Every structure is written in structure tokens, then in C-alpha cells.
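Input: a single structure, listed below in C-alpha cells.
The values are calculated or read from the model by the stated rules, or taken from the named source; none is laboratory data. Treat the numbers as computed from the prediction; the structure is a model and nothing was measured. Cβ placement follows ideal geometry from the backbone for every residue including glycine, while neighbour counts extend to all protein chains displayed.
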Amino acid sequence: MNTNIVMRRVAAPALLLAAGIMFAGCPPELLTYDQGFADGFAQDDYYWDGYFDSYDTVDAGPIYYDVSNIPVVLDPPYDAGYYDGLWYAYNDGYFVEYDYAFTIGWSEGYDMGYYPAWALFLAADEHPEFLDGGFSDGYNDGFTEGSVFGAYDWENDIAYDWLGAMLDYRSGIDVTIGGYSTGDLGPVELYVYGTDPYDLVKTGQPSRVKPDRAGLTVRYLGPEKAEIPDVSYRPLTAEAQTEFSITPTTSPRGNRNLTLTSSWLARVNEYRASLKK
């Protein structure tokens, strides 16, 4: 048993009671799966619970991922949709924090790889795999992939551009340099949306599939099958912005100072802006 894995959150009885009262006052013809899903998915508290549960794995901390308090309800339709919506909101938050951490790690890995002695750096670097699916895994997944891209760009006289390189990678472009590769040929185990990290720890077999929501079937979807929205990158709260308002001069995996002068928050905002284009 992994004694570092603990459960932190418990059911939110006040929220569930309020939801029950809301359900009771609705005419049967209005209790549709789609409406319930939309209402559940709109719950920001579940989204930010997932987000900060993911962030709390920073520095390889324990896993706090917890959707056990979100029941799988098949009927009535509104209830089924509501709880499915809560599930997607929580998983969005958890995955988005991984995605932001991947961006931060990528930028710093790219910076370390974009260097004349990239071959020595890549040979000495090691990729930690914590299987928590949160910030710590996101940072290291991004760092490893980014460092290979940085080395490739340096060696091929491509102008320094960590964001452009990351967007290329996310579009499906992989590179190989000095025997090191990104993507399907590389050594990185990327966390997949909707994957319970507790299951990864049990099996020790994280998926090699790039994060992708397409075709995901992990919760019951009612007969109407609400259209599953794209992963929601909700406006950062003041607390979320504060967590990222730092500008480190070194990386935990670097052997020299970073040349990056922007904060984590600025880099995440650059990535967020790219999603709107």
C-alpha cells in the first residue's frame, strides 16, 4: 500500500441537499438529462476543487483526486445529468491544472534544451513519473518533451520560441534529436483526461496516449446524451493567479539558470490566449 496516498475531501452535504430541494420543485417534464448536466457542469466549486486537488501534488505531494462523492445516478434524468455534470466539472479542473503545469514545465525544459551543450544535458536528465496526474506530473511531462524540442530548435538554428514549439507539439508534431524523441517515440507517460490517478498507482501503467477528450466514456450519459462540452478553461480566480505569480530563476531539473524572465502566470496566460485563436 502506498501510505502517501490520502483522501482529503468528503461529500458536500449542503450542496447535495440544495440540489435535492431544487430537483423536488421541478415539474417532471422539465427534469431532462441535458438540463441537469448543464446545471451540474456550471458548478464552479467542483471545478476549483479538482483544480487545487491537482495543484496540491506540487513537489510530488500526495494524491487528493476524489470523485467518490459524486454518485452515478441513472434516473431520474435530471439527477443523472446533474451528477455527470459535476463529474465533468471536477475532472476539467484537475486536468486543466495538469495542462497548465505541462505548459510551465515545457517552457523551462525548452529553455534548458535550447543550449549548445544540449546533448550533455539530455544525457544527464531524468524524467520523474509520479502517476498523480496533477501538477507534479504535468510539470515533468512538459519539461521532458520541451527539452527535446529546445535541443532540436537549437541544433537546427530555429529561433527561440517555447510557446510556438509547444503549440507545434500539441498539434501533433514530434521531433527526434540525438536519439531522443517526443510523442509516441519518447519516454514520457502523459496523463489522460478522466483517468483516476489512484488506478495508475495500482497498476503502475499510465497511458501513453496524449491528453484528448475525444471518445471519452467514463460516466453514464442519459438517453438524450448531452453534448459533452470542450474542456473548460475557466477564468483564473485570485487564488489561482497568486499560486502562479512567481518567476523562478532555476528549474528543479536544470543545471544552469533559466533565461526566462516571465512569471508562471504570464506563461499560462500566453497559452490561454492561444486557445482562443
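Any residue at all in region 187-196 that's of a type outside the set (Val, Ile, Thr) and either part of a helix (DSSP H, G or I) or modelled with pLDDT of 95 or more (or both)?
no
Tell me which helices (runs of 4 or more DSSP H) are completely within region 28-142 and hold 2 or more residues being at pLDDT 95 or above and of a type in the set (A, V, I, L, M), or say none if there are none.
Filter on region 28-142 gives 77-113, 118-124.
Report whether or not GLU97 is of a type in the set (D, E, K, R), in contact with a Ser or Thr (Cβ under 8 Å, 6 or more places away or on another chain), within 18 Å of TYR47 (Cα to Cα) and surrounded by 24 or more Cβ atoms within 10 Å (Cβ to Cβ).
yes
A quick yes/no check of all residues on (1) over 26 Å from LEU275 (Cα atoms); (2) surrounded by fewer than 17 Cβ atoms within 10 Å (Cβ to Cβ); (3) in contact (Cβ under 8 Å) with a residue 60 or more places away in the chain; (4) not acidic (Asp, Glu):
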| position | (1), (2), (3), (4) |
| --- | --- |
| ASP125 | yes, no, yes, no |
| GLY142 | no, no, no, yes |
| TYR152 | no, no, no, yes |
| LEU167 | no, yes, yes, yes |
| SER171 | no, yes, no, yes |
| ILE177 | yes, no, no, yes |
| TYR180 | yes, no, no, yes |
| TYR191 | no, no, yes, yes |
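Could you grab me the full set of residues in region 38-56 that are farther than 20 Å from TYR139 by Cα and among the small types (Gly, Ala, Ser)?
Within region 38-56, ALA38, GLY40, ALA42 qualify.
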